[in-house]
1. Starting from the stretch 102-118, take each residue that is without any contact (Cβ under 8 Å) to a residue 60 or more places away in the chain and list its partners that are aliphatic (A, V, I, L, M) and assigned to a helix (DSSP H, G or I), counting only C-beta distances under 6 angstrom and pairs at least six apart or across chains.
2. Scan the stretch 113-124 and tell me whether some residue there is of a type in the set (Asp, Glu), within 25 Å of GLU154 (Cβ to Cβ), touching an Asp or Glu at 6+ places or on another chain (Cβ under 9 Å) and not in a strand (DSSP E or B).
3. What do you reckon, is GLY282 among the small types (Gly, Ala, Ser), open to solvent by less than 10 Å² (accessible area, probe 1.4 Å) and under 18 Å from VAL23 (Cβ atoms)?
4. On the basis of being more than 15 Å from ASN246 (Cα to Cα), of a type in the set (Asp, Glu) and touching a residue at least 12 places away in the same chain (Cβ under 8 Å), does GLU328 make the cut?
5. Of the residues that sit in the stretch 136-155 and are among the basic types (Lys, Arg) and more than 30 Å from SER254 (Cβ to Cβ), which one is most open to solvent (accessible area, probe 1.4 Å)?
6. Having 1 or more residues that are modelled with pLDDT of 95 or more and under 16 Å from the mean Cα position of the chain (by Cα) is the bar; report the helices (runs of 4 or more DSSP H) wholly within the stretch 1-82 that clear it.
7. Checking the structure you have, find out if any residue of the stretch 156-167 is open to solvent by 10 Å² or more (accessible area, probe 1.4 Å), closer than 18 Å to TYR342 by Cα and not in a helix (DSSP H, G or I).
8. Taking the condition surrounded by fewer than 16 Cβ atoms within 10 Å (Cβ to Cβ) and within 24 Å of ARG47 (Cβ to Cβ), does LEU309 pass?
Amino acid sequence: MKDIKIGEEYLLQAQKLHREHPVVDAHLDLAGEILLRHKAGERDVIRRHYLSHFQKAGITLVVSSVYVENGAIAKGWENALAQIKALKEELAGLEEAALVEKGSDITLLAEEGKIGVLLYMEGLDCIGKDTHRLEELYRLGVRGASLTWSRPNELATGCCKALEHRQVPGKLSEAGVRAVKKLEELSMFLDVSHLNDEGFWQVCRIAQRPFIATHSGSRLIYDSYRNLTEEQLCALGKQGGIMGVNGCKYIAGSQEGNHLEMLCRHMEHEAEKIGPEHVGYGFDLCDSYDRARAALKGEQCMGRDDCLLGHGQIPFVTAALLQRGMGEKEVEGIIGGNFTRYFKRMLPGGNL
C-alpha cells in the first residue's frame, strides 16, 4: 500500500505553521537514550542526534520520559536517578534547550527561542509502594508520571505490549490510588498510556484533575490494546485530557508502510469523536533509542518500528492533515497548541 503523496503547497503551509506556532512532542524516551549513549562513551547526545531535527520541525517542547527497562528493574530507583542526572548534564551544556519545571517556563523559553524539555516518569515501578518518593522526584524536576508501563507493578497493571493482543485484568492498588492523589497534590500530570482498561476506568473515578494519554491511538482505527476504546476516548476528552498520537507502526497499524495515512486516520477520528482540541502529537519515536541500546551491547539494530525517520519529518504529518481537509486552526492546536495550554495549566503555577 502506498502512503500519502504530499503536495508541495501543503508542505509549505505546514512548515509555516511549525515556524509560527508551538510544536510539541508529548513523548520521547530521551533521558533513557542519553544514559545509554553516555554509558557507551558518547557525550553531547542531544546536539549530535536530535537538535537539528527538533529545529527543523520547529519543536518548542519535548516531554522526555524516564523509562526503566525490564533488565534494570532490580535497581530501578538508581536507574531512574541516573537518567535524570544524564539529561540534566546534557541540558547544562546546551544553550538551545532547558528544563521546564513550571507553567511559566514554557512561555519564557519560547520567547527566548529555546526548546523546553519536560521530565516525567513512564511507569513508577522504581518507587514500589512508597508514594512519598514522588516528592523526591518532584524536587529533581520531574513533573508527571504514568503509573505503569506495559507490566504490573506495586501501583497498577499495565496493558499488554504493542505486538500482543490480550486483555489484562487488574485494578489500582491502595498505593496506586495514593499515587494518583499525590501526583495531583504536587501539580504533576498523570498519563494513562500503557495502563490497562480496568485501571483506566478506576483513574476516571479517582482523578480530580485532567489526565492525558501521551502516546496512544484509537482502538477503533487499529485494534491494539495500547490504543483507547471509543468509551475511553470520550471519557478522556470529557475530563479535559489530550490524546497524543503514537508513531509506532505496530500501534498506528501502518505495517504496510502507510504511515502518514494511519496517523491521520487516528487523529481525524479522535478529532471528530472528542474534538480537535483534545488531540496532539506524542510520537514515541524509538528507533534511535533502539540503536543506542544495540550499540551498547555491541549489536547491530535492524529494522524500523517508527512511522517517521525522525522529528524532522513531523511537518509531513501536519501537511497530510491539511491536505486531507483539516482546517488550519484545528491543526495549530494538534501540532502543539493543545498540549502547550494543558501543561501551562497543569504544572506548578498554572491556573487550573
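1. GLY116/ILE106; GLY116/LEU109
2. Checked against the condition, which is being of a type in the set (Asp, Glu), within 25 Å of GLU154 (Cβ to Cβ), touching an Asp or Glu at 6+ places or on another chain (Cβ under 9 Å) and not in a strand (DSSP E or B), the stretch 113-124 yields no hits at all.
3. Considered against the rule, which asks whether it is among the small types (Gly, Ala, Ser), open to solvent by less than 10 Å² (accessible area, probe 1.4 Å) and under 18 Å from VAL23 (Cβ atoms), GLY282 comes out as yes.
4. Values: more than 15 Å from ASN246 (Cα to Cα): yes; of a type in the set (Asp, Glu): yes; touching a residue at least 12 places away in the same chain (Cβ under 8 Å): yes.
So GLU328 fits the description; yes.
5. Taking the candidates together, the pick is ARG139.
6. Numbers: elements: 8-20, 30-39, 52-57.
Per the criteria, 30-39, 52-57.
7. The answer is no, given that none of the residues of the stretch 156-167 is open to solvent by 10 Å² or more (accessible area, probe 1.4 Å), closer than 18 Å to TYR342 by Cα and not in a helix (DSSP H, G or I).
8. So LEU309 fits the description; yes.
The values are calculated or read from the model by the stated rules, or taken from the named source; none is laboratory data. In this text the structure is predicted, and so the values were computed from the model without any measurement. No Cβ is skipped: glycine too gets one built from the backbone with ideal geometry, and neighbour counts run over all protein chains shown. For the accessible areas, the whole protein counts, side chains as well, though only heavy atoms, and no ligand, DNA or RNA atoms are used. Shrake-Rupley method; radii C 1.70, N 1.55, O 1.52, S 1.80 Å.
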